[in-house]
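Worksheet: the structure to be examined is printed underneath.
The values are calculated or read from the model by the stated rules, or taken from the named source; none is laboratory data. Treat the numbers as computed from the prediction; the structure is a model and nothing was measured. Counting neighbours? That spans all protein chains shown, and the Cβs are built from the backbone with ideal geometry, glycine included. Ligands, DNA and RNA are stripped out before the accessible areas are found, and what is left, the full protein with its side chains, is counted by its heavy atoms. Shrake-Rupley method; radii C 1.70, N 1.55, O 1.52, S 1.80 Å.
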Amino acid sequence: MAHSLRWEPLTLLLVVTSAWWVKGPLIVCAGGLADVRSRRLLPLAAGSAATAALLGAAAAATLKEVFERLRPPVADPTVTALVATPGGYSFPSGHATTAFAAAAAVGMVHPRLRWPLLGLAALVGFSRVYLGVHYGLDVLAGAVLGTAVGVASAFAICKLLRRRAERAATA
């Protein structure tokens, strides 16, 4: 397991990567900056990413209560977490879900950012396993869930805005 292969410089990087502001707000800001750079009047990527992150977090929280999977340090006393172990259940990873949701949403609107942001989301997910607070399957499920929510959110918001623009053009 990743928690048994620890190296201090990597640990410091992954503690920062696992911070709350990386999994959603940082990615939403990246989308917002890309919106500004593209001279969009509406922050389409930022709005899609924020919506996706919130929906993803809600979906993950709901599924945690359904599955009630204990976190690694709670289920196995030989696992030592390198950060405070969250009080909730483990499956799916909320960090992975929100990071992938926001990254996928921004990537749908700004394809040039897709792979860098999905890479950041993958690093967020890996950090949760490395730090000992999630199993790999928790992160994988969060990545799949988050990506689906992110793509659906961006698609729905783009479609809604497109319909609105069409109505305004015909009026």
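A viscosity of 1.306 mPa s and a temperature of 10 °C, combined with the Kirkwood radius over Cα pairs in Stokes-Einstein, give a translational diffusion coefficient for the stretch 8-75 of 111 µm²/s.
Tell me, what % of the accessible area of the chain is carbon and sulfur with a 1.4 angstrom probe?
Exposed carbon and sulfur together represent 70 percent of the surface.
Look at (i) 17.4, 67; (ii) 25.3, 99; (iii) 15.9, 46: the one that is Rg and Dmax of the Cα atoms in Å derived from this structure is (i). Taking every protein chain into account, the accessible area of the chain amounts to 54 square angstrom per residue (probe 1.4 Å).
Quickly rank 87-98, 72-83 as a protection proxy: mean count of other C-beta atoms within 10 Å, highest first. Could the numbers behind the result be given before it?
Details: 87-98: 24.8, 72-83: 14.4.
My ranking of the peptides, most packed first, is 87-98, 72-83.
The angle between the Cα long axis of helix 8-17 and the main principal axis of the chain comes to about 40°, on a 0 to 90 degree scale.
So how do 7-20, 143-156, 30-43 stack up, highest first, on mean other-Cβ count within 10 Å? Numbers along the way, then the final one.
On the way: 7-20: 13.6, 143-156: 21.9, 30-43: 15.3.
By packing density, highest mean first, the sequence is 143-156, 30-43, 7-20.
Residue-normalised convex hull volume from the C-alpha trace of the stretch 95-161: 53 Å³ per residue. Helix 27-37 and the long axis of the chain differ in direction by around 30°, with both axes built from C-alpha atoms.
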